[in-house]
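Visitor: Questions regarding the structure given below will be posed in turn.
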Amino acid sequence: MVLLGPLIVPFEVSVMEELPKISAEALKAFLHGKVDEIAEQVIASVNAAKPGRLITDSEEQVRDIMGELRRAVFETAVQQKVDAAEAAFSPSGQSKDRPANA
């Protein structure tokens, strides 16, 4: 029996010893399109600020926009890692802890 967080799994869970490395190329491609979108949103926020209220009217919106970019970049990188691990996984590999007919 294996304890996984709040779950108890009744069999041994096989975990890859090492995840495959990924390159920055796919993330760079994602960022090229995303940076243009973010720049438009930031400039729109700054331009919408009332006179004398530039920081007050735009700072929080710009912070939120950049937070969304940070989340999207990390999410994309993690998904690339998961995709690489799935591609490297051999579905025909047998666990040494369970018989082939289990």
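The values are calculated or read from the model by the stated rules, or taken from the named source; none is laboratory data. The model shown is predicted, which means the values in this text are computed figures rather than measured ones. FYI the Cβ positions are ideal-geometry reconstructions off the backbone, even for glycines, and counts take in every protein chain you see.
Visitor: I'd like the residue in the range 51-83 that is of a type in the set (A, V, I, L, M, F, W, C) and farther than 16 Å from residue 33 by Cβ and, out of all such residues, is surrounded by the most Cβ atoms within 10 Å (Cβ to Cβ). Full working, then the answer.
Guide: At the first step, the residues of the range 51-83 found to be of a type in the set (A, V, I, L, M, F, W, C) are 54-55, 62, 65-66, 69, 72-74, 77-78, 82.
Next, from what is left, pick out any that are farther than 16 Å from residue 33 by Cβ: 54-55, 62, 66, 74, 78, 82.
Values: 54: 12, 55: 11, 62: 16, 66: 13, 74: 10, 78: 11, 82: 12.
If we take residues in the range 51-83 being of a type in the set (A, V, I, L, M, F, W, C) and farther than 16 Å from residue 33 by Cβ, then 62 is surrounded by the most Cβ atoms within 10 Å (Cβ to Cβ).
Each row is one residue, and each column tells you yes or no for (1) at pLDDT 95 or above; (2) among the hydroxyl-bearing types (Ser, Thr, Tyr).
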position: 1; (1), (2): no, no
position: 9; (1), (2): no, no
position: 18; (1), (2): no, no
position: 23; (1), (2): no, yes
position: 29; (1), (2): no, no
position: 39; (1), (2): yes, no
position: 42; (1), (2): yes, no
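Visitor: Something else now. Take the range 27-46 and flag every residue that is surrounded by fewer than 12 Cβ atoms within 10 Å (Cβ to Cβ), within 14 Å of residue 66 (Cβ to Cβ) and of a type in the set (Gly, Ala, Ser).
Guide: Across the range 27-46, the qualifying residue is only 39.
Visitor: Somewhere in the range 55-70, is a residue hydrophobic (A, V, I, L, M, F, W, C), modelled with pLDDT of 90 or more and under 14 Å from the mean Cα position of the chain (by Cα)?
Guide: yes
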